[in-house]
1. Which lysines, on any chain, are close to K162 with Cα under 28 Å apart, when same-chain ones fewer than 8 places away are left out?
2. In percent, how large is the relative contact order of the chain, given Cα pairs closer than 8 Å and 6 or more residues apart?
3. What Kirkwood radius, in Å to one decimal, follows from the Cα pairs of the range 6-186?
4. What's the extension gain from D18 to L133 if we count 0.36 nm per residue and subtract their Cα-Cα distance?
5. Along Cα→Cβ, 7 Å out, is where each label goes; now give me the distance between the ones at M1 and K124 in nm to one decimal.
6. Extending each Cα 7 Å along its Cβ direction at E181 and E151, get the distance between those two points in nm, one decimal.
Amino acid sequence: MTLPDFAIEITKQGWINDEPESARYDPCSHGDIRVVIGGRVIAPGDGSGDYTISTSALALLRTLESDHSRERPIIDHRGIGTDHLVMHCGQLLMGSCPIGIDWSVAHIPGRVRQSDIVRCDSIKAKPVRFQGLVAEVAEDEYRRQVVAFAEKAKEPFLGIEKDLDDLDGPLYEEFWQEYEERLSRGTR
């Protein structure tokens, strides 16, 4: 079976724990994803990964309009953590621990180039670097994958009334305003 040059999908999504009240108090969704870049499986999505799905979706939506690299990240993590596109934690401030998946995104006419791919599975583990792996995909295909990911990432939030504190409440509103604006532009 030939794998695509780029695919990203949510394989599991929920809240930080299984308690029913968690949906009201957790500002971000969590779960696992499958990522394929350049025909190689970067993350299998087999339940072994643990990522902040909604936060990662916003980071990916930002790459629809902007390049991203370690030197010039699209994430304003406010001095907290690392700049992964797919974050383990991060919450609303988007500042993640070393666990996550990252790659550079460069827009070239009609195409998107992905390179410098790295995955870190635990704080103590050495990062897995996919040396020399570079993939170019049509800009429309990249956009389609990211938009589908972002649309699925917001599904658990539909119809949920959040009960957040004075810090998370305004951040939550800002987060979803940017998310919806970028998602809307991505679907045009």
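Read-outs: derived from the displayed coordinates by stated rules, not from any lab. The structure presented is a predicted model; accordingly, all values stated were derived computationally and were not measured. Reconstructed Cβ throughout: ideal geometry from the backbone, glycine too, with neighbour counts over all protein chains shown.
1. Output for K162: K12, K152, K154.
2. Details: 386 pairs, mean separation 39.0, N = 188.
Once normalised by length, the contact order is 21 percent.
3. On the way: mean 1/r = 0.0609 Å⁻¹.
Across the range 6-186, the inverse of the average 1/r is 16.4 Å.
4. Numbers: separation 115, 0.36 × 115 = 41.40 nm, distance 3.75 nm.
Taking 0.36 nm per residue and subtracting the Cα distance, the gain is 37.6 nm.
5. 3.4 nm
6. Output for this residue pair reads 2.3 nm.
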